[in-house]
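The values are calculated or read from the model by the stated rules, or taken from the named source; none is laboratory data. A quick note: this is a predicted structure, and the numbers were derived from the prediction, not measured. Virtual Cβ from ideal backbone geometry, glycine too; neighbours counted across all protein chains shown. Please note that ligands, DNA and RNA were not included when accessible areas were found on the heavy atoms of the full protein model with its side chains. Shrake-Rupley method; radii C 1.70, N 1.55, O 1.52, S 1.80 Å.
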Amino acid sequence: MSDVYAQPTTGAGPDAMCDLARFTTLRLGGPAGRITTATSGEEIVQSVREAQGRDEQVLILAGGSNVVIGDAGFPGTVVLVRSRGLRVLAEDEDSVTVRVEAGEPWDELVATTVANGWSGLECLSGIPGSTGATPIQNVGAYGQEVAETITAVQVYDRVEGVTGRIAAADCGFAYRSSVFKYSDRWVVLAVDFRLTRSPLSGPVRYAELARALGVEVGDRVPLADARATVLRLRAGKGMVLDPTDPDTRSVGSFFTNPVLDRSAYELLRERAADLGDPPAWPGAGDVVKVSAAWLIDKAGFGKGHPGPEGVAISSKHTLALTNRGGNASTAALVELAREIRDGVHHRFGVTLHPEPVLINCTI
Ligand SMILES: Cc1cc2nc3c(=O)[nH]c(=O)nc-3n(C[C@H](O)[C@H](O)[C@H](O)COP(=O)(O)OP(=O)(O)OC[C@H]3O[C@@H](n4cnc5c(N)ncnc54)[C@H](O)[C@@H]3O)c2cc1C
């Protein structure tokens, strides 16, 4: 465990070393009081306990790909999660259960599962960040969610000061949500996944992916084909991190797809009558999930729409807000997000909600 930086309490002002921007994919965020790197579950717990002992606020930060940190930064201790490792907990002819340390880079894990013939994560290829962050918002893409394969989450409970295990059924997994999101209570130390031994993917559920694979929805394809095709589709949308592509300096989708009850959806259809039916998918119960990208586009915010200081909607994906210039502030990004949210509400009466976790800023 090492302190990357501890801000002096007197003397020199904030140093570039403590700038949180370099730990986020948006390259935005002001200074931290202290930054500590933890390379094992034990070190994560120790760092959190020490910070609590100093009466400091704690921010757990891993890949920084789903956070928007304010320009004032974070006054307490930032614990950088860098623990690594995967071990097989149980296996039989049909399945394998693995425990993966929180800091394990997510896409490296997905690549390993595909190479080993473990089916269940292949459609989640190319998502940036760490394994420990995937339960936080029940990471999902192309018809798969981690909630389908997670069996348990190993945690440190900051309220009780103990480590423990939360079974998947108690994680409150929902669309881009769980009991962990916006809760300071739990630190994820490791995640257990049960994967199916199979050379084939699960049934392909996402129409765009099925089309790209040349199969029907519901078909299965070789795991490596699913992974390669998802990576190709994602790259075309700027949804795979690429240091040379400013469209990937983002948090991925900035807004979640709004989930509307039937009457709200009918009202939306009326307000959008001149545009045709908004793309939508039935959800659990009598709700409808509507495409946020469509709403944003039809409200007049197309790809490349500029905000202040060089922030802009991605040129490849309407849902991604990007820091293209390099010198932008979080305030500028938030201003663009507000303009879009208010514009969509004005045009369609639907409120968009941010997908990333906002830290010391608000839209
Ligand atoms: C180009 C791009 C594409 C993306 N595509 C997708 C996508 O398709 N689907 C999707 O769901 N997401 C997507 N995302 C969002 C993001 O990659 C995921 O949410 C990812 O899981 C975040 O991981 P991270 O390690 O970067 O988390 P961070 O950004 O470091 O943290 C995110 C939140 O989780 C908390 N956290 C992180 N680790 C822990 C831990 N060990 N214990 C407790 N709390 C923790 C943090 O405090 C913070 O609140 C995309 C992002 C980008 C930049």
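From the list 311, 344, 357, pick out the single residue that is within 29 Å of residue 24 (Cα to Cα), in contact with a Leu (Cβ under 7 Å, 6 or more places away or on another chain) and in contact (Cβ under 8 Å) with a residue 40 or more places away in the chain.
On the way: 311 fails: in contact (Cβ under 8 Å) with a residue 40 or more places away in the chain; 357 fails: in contact with a Leu (Cβ under 7 Å, 6 or more places away or on another chain).
Answer to the check: 344.
Do we find a residue being over 22 Å from residue 122 (Cα atoms) and open to solvent by 70 Å² or more (accessible area, probe 1.4 Å) anywhere in region 173-180?
Kept after step one, since they are over 22 Å from residue 122 (Cα atoms), are these residues of region 173-180: 179-180.
Of the ones still in play, those that are also open to solvent by 70 Å² or more (accessible area, probe 1.4 Å) are none.
No: zero hits.
Just one of the numbered conditions (1) farther than 28 Å from residue 253 by Cβ; (2) more than 15 Å from the ligand (Cβ to nearest atom); (3) of a type in the set (Val, Ile, Thr) is not true of residue 113; which one?
Going through the list (1) farther than 28 Å from residue 253 by Cβ; (2) more than 15 Å from the ligand (Cβ to nearest atom); (3) of a type in the set (Val, Ile, Thr), residue 113 breaks only (1).
Please state which one of 129, 164 is open to solvent by 10 Å² or more (accessible area, probe 1.4 Å), at pLDDT 95 or above and more than 12 Å from the ligand (Cβ to nearest atom).
Exactly one residue qualifies, and that residue is 164.
Scan region 323-332 and tell me whether some residue there is open to solvent by 60 Å² or more (accessible area, probe 1.4 Å) and modelled with pLDDT under 95.
Within region 323-332, one or more residues are open to solvent by 60 Å² or more (accessible area, probe 1.4 Å) and modelled with pLDDT under 95.
Give region 148-161 a look and list any residue that's surrounded by fewer than 20 Cβ atoms within 10 Å (Cβ to Cβ) and within 15 Å of residue 110 (Cα to Cα), or say none.
Residues of region 148-161 that are surrounded by fewer than 20 Cβ atoms within 10 Å (Cβ to Cβ), as a first pass: 148, 151, 157-161.
Within region 148-161, just 148 meets the criteria.
I'm trying to understand the selection: among the residues of region 60-78, which are buried (at least 22 other Cβ atoms within 10 Å of the Cβ), in contact with an Asp or Glu (Cβ under 9 Å, 6 or more places away or on another chain) and farther than 30 Å from residue 114 by Cβ?
Passing the criteria: 73, 77.
For region 30-49, name all the residues that are in contact (Cβ under 8 Å) with a residue 24 or more places away in the chain and not in a strand (DSSP E or B).
Listed by number, the residues that qualify are 30, 39, 40, 41, 43, 44, 45, 46, 47, 48, 49.
Under 8 Å between Cβ atoms, which residue pairs at least 6 apart in sequence (or on different chains) link something in region 52-68 that is of a type in the set (Lys, Arg) with a partner that is more than 6 Å from the ligand (Cβ to nearest atom)?
Every condition considered, the pairs that remain are 54/77.
Where the second residue is assigned to a helix (DSSP H, G or I) and the first is open to solvent by less than 50 Å² (accessible area, probe 1.4 Å) and lies in region 92-109, which pairs have Cβ atoms under 6 Å and are six or more apart or on separate chains?
The qualifying pairs are 100/109.
Does region 188-199 contain any residue that is open to solvent by 50 Å² or more (accessible area, probe 1.4 Å), within 13 Å of the ligand (Cβ to nearest atom) and more than 25 Å from residue 289 (Cα to Cα)?
no
Among (1) within 30 Å of residue 69 (Cα to Cα); (2) more than 16 Å from the ligand (Cβ to nearest atom), which single condition is residue 246 missing?
The number of the failed condition is (2).
Anything in region 26-47 that is surrounded by fewer than 21 Cβ atoms within 10 Å (Cβ to Cβ), within 12 Å of the ligand (Cβ to nearest atom) and under 22 Å from the mean Cα position of the chain (by Cα)? List them, or say none.
Result: 27, single match.
Those residues that are part of a loop (DSSP other than H, G, I, E, B) and more than 15 Å from the ligand (Cβ to nearest atom), I need them from region 321-363; list them, please.
325, 326, 327, 328, 329, 349, 350, 351, 352, 363
Which residue out of 145, 122 is of a type outside the set (A, V, I, L, M, F, W, C) and open to solvent by 20 Å² or more (accessible area, probe 1.4 Å)?
Being of a type outside the set (A, V, I, L, M, F, W, C) and open to solvent by 20 Å² or more (accessible area, probe 1.4 Å) holds for just one of 145, 122, which is 145.
Kindly provide the set of residues from region 50-87 that are among the hydroxyl-bearing types (Ser, Thr, Tyr) and either farther than 23 Å from residue 109 by Cβ or in a helix (DSSP H, G or I) (or both), ordered by number.
The first filter runs over region 50-87 and keeps only residues among the hydroxyl-bearing types (Ser, Thr, Tyr), leaving 65, 77, 83.
Listed by number, the list holds a single entry, 77.
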